[in-house]
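> Pasting a structure below so you can have a look.
Rule-based calculations on the coordinates, nothing more; no lab input. All of these numbers come straight from a predicted model, not from anything done at the bench. Positions of Cβ are backbone-derived with ideal geometry, glycine not excepted, and every protein chain shown enters the neighbour counts.
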Amino acid sequence: MPTIIKTPQVAQDYCGWSNYETWCANLWLNNDEHNYRVLLDAKECGDSTYDQAKWLREQLQCQLEDEIDVPCMWRDLLQNAFERVNWAEIVEAV
C-alpha cells in the first residue's frame, strides 16, 4: 500500500535559530508593536534569562488561549508548535 502522508524531516536549525518555530515567533515578536512591547517587558521580569523566558511564554500562552478558546484541531496544532519555541533564545536575542 503506498504511503500517502510522509513525515517531514525536522531541521535542527533554521536561519540561525534553534528551529523554525523559534525563528517564526521571534519574527512576529519583533514585527508587531503589541508583541514587541510584551517582549521588551519580558526583559524586566526577573534577573535570569529563565525567568524572563518563562514570563514571556506565559503571557503569549494566555494570548493563544484567548484567540482559540475552543478545543479543536487548530488549537492542538498551534499548541504543539508553541511548545517547540525556545523562549530563552528569543529573550537572549533582545
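> Could you list Val85, Val94 so that the one with the fewest beta carbons within 10 Å of its beta carbon is first and the one with the most is last?
Val94, Val85
> How high is the FRET efficiency between Val38 and Gln79 when r is their beta carbon distance and R₀ equals 25 Å, given to the nearest 0.05?
Efficiency computed from Cβ-Cβ geometry: 0.85.
> In sequence order, what are the phi-derived ³J(HN,Hα) couplings for the stretch 24-39 according to the Karplus relation 6.51 cos²θ - 1.76 cosθ + 1.60 with θ = phi - 60°, rounded to whole Hz, with x for glycine and proline?
Couplings: 5, 4, 4, 4, 5, 5, 8, 10, 10, 4, 4, 5, 5, 5, 4, 4 Hz.
> Normalise the Debye intensity by I(0) for the chain, one equal point scatterer per Cα, no solvent, then take log10 at q = 0.20 Å⁻¹ and round to two decimals.
Evaluating at q = 0.20 Å⁻¹ gives log10 I(q)/I(0) of -1.02.
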